[in-house]
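*Asks:* Quick one: the structure is below, questions incoming.
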Amino acid sequence: MNYKLAVALLLAVGLSTAQEPDNSKKNERDRSDATLTAGKQSNDKKDLQLLRDIRRDVTKSDNFSTYAKNVKIITLNGRVILRGPVKTQDEKAAIEAIAKRYAGDSSVDSYLEIAPAKP
């Protein structure tokens, strides 16, 4: 078998077995103008401070997974929107509690999801 044919065959096999990212449908959902994403983040000083306070507490915890430390936190007019996957229900509850500590119970909208376990 010549070199070019072998490379083409390896590429074809690799492409045919490639997996789709598991968040494709969520990315499509988040393209809607109705969905608040990081692009809608307020530049108001109070909103930015709120964002910094929550992000600092989330990232400094040694108990959170990488998923949890990378959740989207959006602040707009004193409201906090949480989006993204976390590993466990405990992580979800802990991140929501951090956000509520800074913004108040009624000012947090959580769209955090428990990530499916990978085989």
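Any read-out appearing in this document is the output of simple, stated calculations on the displayed coordinates, not a laboratory observation. Everything quoted here is computed from the prediction, not taken from an experiment. With ideal geometry, Cβ positions are generated from the backbone for all residues, glycine too; neighbour counts draw on all protein chains shown.
*Asks:* Taking 7 Å along the Cα-to-C-beta vector as the label spot, tell me the Ala117-Asn77 distance in nanometres, rounded to one decimal.
*Replies:* 4.2 nm
*Asks:* Which far-off residues, 5 or more places away or on another chain, put their amide H under 5 Å from the one on Ser65, with H placed in the peptide plane?
*Replies:* Residues meeting the criterion, in which the H sits 1.01 Å from N, are Lys87.
*Asks:* Using Cβ contacts closer than 10 Å as the measure, can you line up Lys92, Lys46, Lys69 from fewest to most?
*Replies:* Values: Lys92 19, Lys46 11, Lys69 15.
If I rank by nearby Cβ atoms, fewest first, I get Lys46, Lys69, Lys92.
*Asks:* At 0.36 nm per residue, minus the direct Cα-Cα distance, what do Asp90 and Asp105 gain on full extension? Give it in nm, one decimal, please. Write down the numbers at each step before the final one.
*Replies:* On the way: separation 15, 0.36 × 15 = 5.40 nm, distance 1.76 nm.
Result for the pair: 3.6 nm of gain on full extension.
*Asks:* Something else now. If I stretch the segment between Leu48 and Asn70 completely, what's the gain in nm (0.36 nm per residue apart, minus their alpha carbon distance), one decimal?
*Replies:* So the chain would gain 6.2 nm between Leu48 and Asn70.
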